[in-house]
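Here, each number is a calculation from the coordinates, and none is a lab measurement. Just so it is clear, the model here is predicted, and its values are computed rather than measured. Heads up, the Cβs are rebuilt from the backbone with ideal geometry, glycines too, and the neighbour counts pull from every protein chain shown.
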Amino acid sequence: MPSTIDSHHEPSNGLLELPSSDGDTSMPIAVIGIGGRFPDSASDPEKLWELLSQGRSALREVPKDRFNIDAFYHLHAERQGTLNLREAHFLEGDIAAFDAPFFSITPSEAKAMDPQQRMILEVAYEGIENGTCMRSRSLSPPYSTSLIRHVSISWVTNGDRYRQ
């Protein structure tokens, strides 16, 4: 039996069931908390849903505070060290902002961290905080787990493909 998410089925109780390591498919899962960072003003999953349900696009010109697009733009993607686009999907706000003391991280450690690592700490905490219905229970493996998926898209030189 395949052990991929494609082999799931939805039972009458509405919970998604996935095959377990021993082949048993009666192990239900539930998403009890979620967090994320998304383009434009969609700073959390609820705001992302608003953006999508209203059919709005988050595509916009490169913000001046990110980098000078005029210094890197070139019509032809084959030219090394240039971009052949002037628009993309950007997070709003200061992407370098981070509450280091909240996570018991010293300022020097925070400065040395990749901004994406700092952001994943915040998003993971928000996911746990979002699942407040579980606050009164103490669950430990194999009864609970966390999934963190980081997606980053980098454009390659030909401009019509990307890698994740």
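General observations
- Integer Hz, Karplus 6.51/-1.76/1.60 couplings in order for region 83-95, x for Gly and Pro: 10, 10, 9, 10, 10, 6, 10, 10, 6, 7, x, 7, 6
- Three-way shape label, region 46-106, alpha-carbon gyration tensor, a/c 1.5: oblate
- Among ARG60, ARG118, a tally of other beta-carbon atoms within 10 Å of each Cβ gives an order, fewest to most, of ARG60, ARG118.
- For region 65-134, the fraction of alpha-carbon pairs in successive 5 Å shells from zero, as %: 3, 13, 17, 14, 13, 13, 11, 8, 5, 2, 1
- Under a 5 Å amide H cut-off, with hydrogens placed 1.01 Å from N, TYR73 pairs with LEU83 among residues at least 5 apart or on other chains.
- Fully extended contour minus Cα-Cα distance, from ARG56 to THR132, at 0.36 nm per residue: 24.4 nm
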